[in-house]
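Novice: Before we start, here is the structure in question, set down as structure tokens.
Coordinate-derived values only; no laboratory data. Here the structure is a predicted model, which is why all the values come from computation and not from measurement. Cβ placement follows ideal geometry from the backbone for every residue including glycine, while neighbour counts extend to all protein chains displayed.
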Amino acid sequence: MRPKNTTKTIVTLAVIAALGAMIGAVRLYSQSSGGGAEYIGSAQCLACHENIDTQLMATKHSILFQKEGPEDKQGCEACHGPGSEHMSEAPEGIIRFNGASKAAESAACLKCHADGDKAEWKMSIHASEDMSCADCHSPHGKVKERSEREKREIETLLVDSEADLCLDCHQEKRGEFSKPSHMPVLEGQMGCSDCHSPHNNSPLQMERAAASCVSCHAEKSGPFLTEHEPVAESCLNCHDPHGSVNQNLLTQRQPTLCLQCHANTSVIHRSNSTQYKTCTNCHKAVHGSRLNADNNLFN
Ligand code: HEC
Ligand code: HEC
Ligand code: HEC
Ligand code: HEC
Ligand code: HEC
Ligand code: HEC
Ligand code: HEC
Ligand code: HEC
Ligand code: HEC
Ligand code: HEC
């Protein structure tokens, strides 16, 4: 509620004045109930915060204003908590999402959203770094302008495009996505969250990452009659997940990449002939082969 012009200020002040009597009544009520804050209903909030609902009502949270339900799960107070004390001590006495108590702020969201990976939020690396849901999500739609392509990001109320949101904090990773070979994240073809869960703890993030490679590159996981051991073990044995100066996101160029594990190849391989420098010229099916294991050298 930060009026942009004097007319609005006067109107707002008038509303506040008109509400004076009611506020007195609420204060009395909350005192008589032993000091605990009481729920007062969204209509009262909107009387003072008149411009707040436009964008909110365009999001999925509009449902909180449509259905009858327990008072702690309805309207503004579903997130901001009971409002009676705020009426007397504005802007104190209400959850403000200004970072004063990150755990309480996240708890306000988690009472409805403790499903999926968010069930483990409290153990997450981001929670332990004193972040809250509001560091990444804005229910009031306070987001930077984005293209239609990023519909999902707007729907999930992200404060910025996903790549920028993550990379503003993880600056050191930005360069990786600009290397000659890189995952198309800055291009908007995929998000960090295709491989990382922002909501749970680090080991699980990595698990999701490993499983996620083949969710998009299914053909690389077979089924193969002859598996190449390091592929079945982890794509990261040969690929960087973010970006690389080498083609195909490879951690090393050939032949170094292959010779890390195959230093003892037969004599012909150790000839200085340049044709042996690119192992995949002959061993083409490096991810695995649909041919029988006998005499199968991934060609
Ligand atoms: C009597 C008028 C009035 C009512 C009713 C009222 N507020 Fe406020 N509220 C204010 C004022 C004044 C401020 C301080 C404004 C500021 O600091 O910009 C404020 C501040 C806030 C803030 C913090 C704003 C910020 O910039 O950090 C939140 C959140 C808030 N109110 C939510 C609510 C909710 C939710 C309700 C209903 C339960 C409500 N208010 C009812 C007058 C009111
Ligand atoms: C789904 C949860 C949620 C609901 C519902 C909700 N808010 Fe908020 N509100 C937030 C969060 C999170 C922030 C801080 C981040 C942001 O601005 O989006 C916030 C910020 C605010 C602010 C301070 C910033 C500003 O925009 O001026 C005010 C005032 C406010 N809310 C009032 C309200 C009122 C009034 C309602 C009911 C019409 C309401 N909120 C409903 C979560 C919610
Ligand atoms: C009273 C319960 C309640 C509270 C509290 C609440 N939400 Fe929600 N939220 C919902 C419901 C219901 C939906 C709509 C779900 C749907 O349509 O699938 C929703 C939708 C969302 C979505 C979009 C999900 C999607 O898949 O598109 C996000 C993101 C979200 N909420 C974040 C938050 C954050 C952050 C907070 C705390 C500031 C919060 N919510 C507080 C009930 C709540
Ligand atoms: C580090 C940033 C970050 C934080 C912190 C964060 N989220 Fe998210 N959240 C995201 C991103 C990115 C997505 C989009 C993932 C997708 O597209 O499915 C998302 C998706 C969601 C969704 C919709 C998909 C789903 O998983 O249901 C909900 C609801 C949600 N977040 C709620 C929360 C709540 C509640 C908190 C706090 C406990 C929170 N988020 C904290 C980044 C964050
Ligand atoms: C407000 C700042 C902030 C934002 C926004 C943020 N992070 Fe983080 N993140 C951190 C901090 C701080 C750590 C812990 C220190 C570290 O490892 O860098 C962390 C840790 C991580 C880790 C674990 C790193 C490890 O060493 O195991 C991953 C993965 C991660 N973040 C991904 C993301 C993704 C994906 C997003 C966007 C959805 C995101 N972060 C948004 C601050 C942020
Ligand atoms: C294609 C999947 C994928 C995408 C997309 C992706 N990551 Fe990762 N990320 C991984 C994997 C796998 C690891 C583990 C690397 C390792 O163990 O060597 C990782 C590691 C990390 C780490 C912690 C470990 C380290 O190397 O410091 C951070 C932080 C991180 N990623 C942030 C991000 C951010 C931010 C984005 C989006 C801009 C992103 N990632 C996009 C798969 C991905
Ligand atoms: C959300 C889908 C998705 C996930 C998950 C994913 N990728 Fe990709 N990957 C892509 C897309 C899209 C491209 C770009 C394809 C193109 O431009 O033709 C790509 C390109 C690549 C390339 C070729 C890069 C180049 O320079 O040509 C490699 C190698 C690769 N991915 C490996 C991986 C690995 C390893 C993982 C897991 C850590 C992974 N991918 C996870 C979608 C995905
Ligand atoms: C033993 C090393 C190694 C491992 C492990 C490995 N790759 Fe590769 N990958 C390569 C090499 C080498 C190339 C380049 C192929 C070429 O030059 O013909 C490549 C190319 C790719 C490409 C881009 C070219 C194409 O064929 O589409 C993708 C995508 C890819 N790998 C995905 C994966 C995935 C997913 C995994 C894990 C299931 C994985 N790779 C594991 C060595 C490996
Ligand atoms: C992380 C270690 C590792 C890397 C890197 C690796 N391999 Fe392998 N490779 C293995 C293992 C383990 C086997 C199975 C055991 C064996 O026969 O040596 C294998 C088997 C093979 C075989 C079949 C050998 C046989 O006798 O049947 C060929 C051919 C091969 N790899 C080629 C390559 C090429 C080409 C590259 C580089 C693109 C490569 N490998 C990278 C570990 C690796
Ligand atoms: C010109 C084709 C060609 C190129 C290039 C090539 N190979 Fe081979 N490779 C073969 C043939 C043919 C065999 C089977 C005959 C043999 O054992 O010498 C073989 C066998 C192998 C074997 C299994 C037998 C052994 O010697 O251990 C491995 C492992 C192998 N190659 C790895 C590599 C690596 C690593 C590179 C790159 C440095 C490479 N190859 C480049 C043709 C090639």
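Novice: Please work out the C-alpha center-to-center distance from the range 243-268 to the range 86-141 and express it in whole Å.
Specialist: Computed from Cα coordinates, the inter-centre distance equals 47 Å.
Novice: Let me ask another. Report the one residue of 278, 288, 232 whose Cα lies farthest in the direction of the positive end of the charge dipole of the range 225-289 (charges on C-beta: Lys and Arg +1, Asp and Glu -1; origin at the Cα centre).
Specialist: Result: 278.
Novice: Still on this structure, please answer the following. Which FRET efficiency, nearest 0.05, do residue 66 and residue 90 yield, Cβ-Cβ r, R0 25 Å?
Specialist: 0.40
Novice: Something else: Order the peptides 90-99, 54-63, 104-113 from the highest to the lowest mean number of other Cβ atoms within 10 Å of their residues. Could you put the intermediate results ahead of the total?
Specialist: Numbers: 90-99: 14.9, 54-63: 12.8, 104-113: 16.8.
Ranking the peptides 90-99, 54-63, 104-113 by packing returns 104-113, 90-99, 54-63.
Novice: Can you give me the orientation-averaged projected area of the convex hull built on the Cα atoms of the range 225-289, in nm²? Each step should come with its number before you reach the end.
Specialist: Values: hull surface 19.2 nm².
Average projection, Cα convex hull of the range 225-289: 4.8 nm².
Novice: What does the net charge come to around residue 61 if you take all other residues with beta carbon closer than 13 Å to its beta carbon, with K and R at +1 and D and E at -1? Don't skip to the end; give the middle numbers.
Specialist: Numbers: positive: 60, 67, 73; negative: 53, 77, 155.
With Lys, Arg at +1 and Asp, Glu at -1, the net is 0.
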